[in-house]
Amino acid sequence: MIKKLNKKLKNQEITPKTLFNEAVEKAKQQAKTNNCFVTILEEFKQQESNSWLNGIPYSLKDNISTKGILTTSSSNILHDYIPPYDATVYRKLKKAGAVLMGKVALDELAMGGTGTTAHTGIISNPYDQTRIVGGSSAGGVASVALGITPFSIGSDTGDSIRKPAAYTGLVGFKPTYGRISRYGLFPFASSLDHVGCITTCVEDAALVTDVIKGECEYDMTSLADDNELYAEKITESVKNKKLFYIKEIVTDYDYDSETKEVLKQFQDVLKKCEELGITVHEESIEMELLQAVYPAYLAISCAEATSNNANLLGVGFGLREEGGTIEEMMFKTRTAGFSELIKRRFVLGSYILQKENQEKLFLNAGRVRRLIVEKINQLFEKYDGFILPATGGVAPKIDDISNKIEEKKMILENNLIIGNFGGYPSITIPSGKINNLPIGINITTAVQKDALALNIAYQLEQALKGGDKNV
Ligand code: GLN
C-alpha cells in the first residue's frame, strides 16, 4: 500500500497535503462513532525526503512524546500533558517525510488489552461495533483498520501491537528488543517494552521499520544498527526454512467451537508453510513452565510499571488535586487520576516489590522468564522460528471482557508474551476469518533475525492471499 501511494505521490497524482487532509477528514468523520483519536492534527507540516514514507500520513500512539502536541497516554492523570521533546521514532518519521495526522488512544498507560480503558472512551472493533478492538494499541489498529492511515506506530510490552492487529485483520510487528529506540516512549515495563508498527501488509511493516530502526544515543538499550534494508529482503525464498510450533499451546483441551476453529485454521496455515517449502515441526515444552508465563509476566510488568509510574504524583506535571498535606495531595491525585485497572496493577506491583516478597515473587518471575527464554533459544539453534495462533479466538464482545478465561486456554491466549520475554522479533499476519471476524497467526524468530521474521511472514502472507480471498 505504501509503495502504491508513494508512486502516486511521485507522479503527482496526489499531494502529501491532500492525503493528509483526506486522513483528517476521515478521522473527524469516524470520531463521531469511534474514539480512536485523542488528538486530530489540523495543520499540515512536512519535511520532504526521498524515503518511501515521504508524504504518507500516519498516527502515533498517545504514549509517544511529541513536542508541543498533547500526549496523554490515555490517562486522566496526564490529560493536559504536553511534552517538551520528541521521541526518537517520531523524529525519524518526520525526517523521512511521513506526516503525523493524529495521536491515537490506548488502554490507559498501555496496560491491558481491550481498548476499553482510555480516558476518551471505548474503542470498538470496526468489524463489529459490539466487540473490542484489542489493545493496548487500540486507537492505532482502529485508525488503520478504518482506512484513515496506512500505518500507525504503537508499543508492545506483552502483545499490544500483535494481538489487536490479529483482531482487525492487520499486520503487527515488533522487532528485536532495542532495534527501535524507546526514547520518548512512556515506559510501562522497561525490560519488555518495544516500539513497533501496525500496517495493512508485511511489505509496509518492513518499509516502516527500515525508517524507524537504529541506534539511539538517548536509549542505552538500543542496538547498533544492523544496516539491513528489510524491505529488500522480504521476497527472498523461504524454501528449506524450518519452523516449530509448541504442541501444548495448540492442543485442543476440549475448547469451544470458536477456539477449535482457530486450531483447525492453524493446521491449514501449516499446510501453506509446507507448500512454500518450509518444514514445520512439533516441539514440546513442559506445561508447568508454559502456565507460569502469564503470571510471571504480570509480576514483572506490574512491578516495573509501579516503579516507572511513581513520578505521576501531581507534583511535576499532570493532574493535581488539592490536599492539606503533600501526602494527601498525592493520594487524592492518584486516586482521581487512575482507573481501576491501573490501581489494581500498582497495588500488585507494590506488593511484589515489598522487600519480603521480592525473592518469592519478583525474582521467581524472573527465573520463569529465564527458563522459557533459554528453552526457546535452544530451539532457535535448530529452527528459524516458531509459528503459533495469535489469539484463542476472534475479538471478544465488549460485554464479555470481564469473563474469566479458562486456565488451560491462558497459554494459547497469552503466547505472544514469549516474544517480549526474549526480546524476539515477532509478527502477526491475518490468517483468515471466523464468522467474518479476522484472526491471525504469529511468527517469531531469534533476536536480530528481524529480516527473517519479515521474510517468512511476507511469503506466507502471499501464499495465504492466493488461496483465500477472505484473508
Ligand atoms: N495485554 C497485556 C497487558 O495487559 C499487554 C499490554 C502491552 O503490551 N502494552 O499488560
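The values are calculated or read from the model by the stated rules, or taken from the named source; none is laboratory data. Computed from a predicted model, the values in this text were never measured in an experiment. In this analysis, Cβ positions are derived from the backbone assuming ideal geometry, glycine residues included, and neighbour counts consider all displayed protein chains. Surface areas here come from the heavy atoms of the whole protein model, side chains and all, with no ligands, DNA or RNA. Shrake-Rupley method; radii C 1.70, N 1.55, O 1.52, S 1.80 Å.
A few comments on the model shown:
- For Thr209, the criteria (1) within 14 Å of the ligand (Cβ to nearest atom); (2) in a helix (DSSP H, G or I); (3) polar (S, T, N, Q) hold in every case but one, which is (1).
- Flag if Asp204 is among the charged types (D, E, K, R), in contact (Cβ under 8 Å) with a residue 24 or more places away in the chain, crowded, with 18+ Cβ neighbours inside 10 Å and out of contact with any helix residue (DSSP H, G or I) (no Cβ under 7 Å at 6 or more places or on another chain): no
- Check on Gly154, farther than 22 Å from Phe20 by Cβ and open to solvent by less than 10 Å² (accessible area, probe 1.4 Å): no
- Search result, residues across the stretch 71-95 that are farther than 19 Å from Phe188 by Cα, in contact with a Leu (Cβ under 9 Å, 6 or more places away or on another chain) and surrounded by fewer than 22 Cβ atoms within 10 Å (Cβ to Cβ): Asp80, Lys94
- Residues (part of a loop (DSSP other than H, G, I, E, B), in contact with a helix residue (DSSP H, G or I) (Cβ under 9 Å, 6 or more places away or on another chain) and among the acidic types (Asp, Glu)) located in the stretch 218-239: Asp219, Asp226, Glu228, Glu236
- Taking the criterion of being farther than 16 Å from Val144 by Cβ and touching a residue at least 24 places away in the same chain (Cβ under 8 Å), the residues of the stretch 39-49 that qualify are Thr39, Leu41, Phe44, Lys45, Gln46, Gln47, Glu48, Ser49.
- Candidate set from the stretch 12-38 (those that are free of Cβ contacts under 8 Å to residues at least 60 places away in the same chain and closer than 28 Å to Asp128 by Cα); member that is nearest to the chain's Cα centre (by Cα): Ala31
- Of all residues in the stretch 157-184, those being over 24 Å from Arg91 (Cα atoms), among the small types (Gly, Ala, Ser) and within 16 Å of the ligand (Cβ to nearest atom) number 3.
For every residue, the table says whether it meets (1) under 25 Å from Ser73 (Cα atoms); (2) away from the ligand (no atom under 16 Å from the Cβ); (3) in a loop (DSSP other than H, G, I, E, B).
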residue: Lys332; (1), (2), (3): yes, yes, no
residue: Ala336; (1), (2), (3): yes, yes, no
residue: Leu341; (1), (2), (3): yes, no, no
residue: Arg369; (1), (2), (3): no, no, no
residue: Val394; (1), (2), (3): no, yes, yes
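- Summed over the stretch 396-415, residues that are part of a helix (DSSP H, G or I) and either open to solvent by 90 Å² or more (accessible area, probe 1.4 Å) or among the small types (Gly, Ala, Ser) (or both) total 2.
- Check on Asn357, free of Cβ contacts under 8 Å to residues at least 40 places away in the same chain and in a loop (DSSP other than H, G, I, E, B): no
- Some residue of the stretch 185-195 being of a type outside the set (S, T, N, Q), more than 16 Å from the ligand (Cβ to nearest atom), crowded, with 19+ Cβ neighbours inside 10 Å and outside any loop (DSSP other than H, G, I, E, B): no
- Of all the listed residues (Leu41, Leu60, Leu53), the sole one being open to solvent by 10 Å² or more (accessible area, probe 1.4 Å) and in contact with a Phe, Trp or Tyr (Cβ under 9 Å, 6 or more places away or on another chain) is Leu41.
- Test: residue in the stretch 219-229 that is crowded, with 24+ Cβ neighbours inside 10 Å and either under 18 Å from the mean Cα position of the chain (by Cα) or farther than 30 Å from Tyr81 by Cα (or both): no
- Residue within the stretch 291-308 that is part of a helix (DSSP H, G or I), within 16 Å of the ligand (Cβ to nearest atom) and charged (D, E, K, R) present: yes
- Long-range neighbours under 6 Å by Cβ, at least six apart or interchain, first residue more than 19 Å from Ala206 (Cβ to Cβ) within the stretch 425-438, second open to solvent by 10 Å² or more (accessible area, probe 1.4 Å) and acidic (Asp, Glu): Ile434/Glu261
Residues checked against (1) under 30 Å from Ile443 (Cα atoms); (2) in contact with a Ser or Thr (Cβ under 7 Å, 6 or more places away or on another chain); (3) of a type in the set (Asp, Glu); (4) open to solvent by 80 Å² or more (accessible area, probe 1.4 Å):
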residue	(1), (2), (3), (4)
Glu327	no, no, yes, yes
Arg334	no, no, no, no
Gly337	no, yes, no, no
Lys343	no, no, no, no
Gly349	no, yes, no, no
Gln354	no, no, no, yes
Glu374	yes, no, yes, yes
Gln378	yes, no, no, yes
Glu381	yes, no, yes, yes
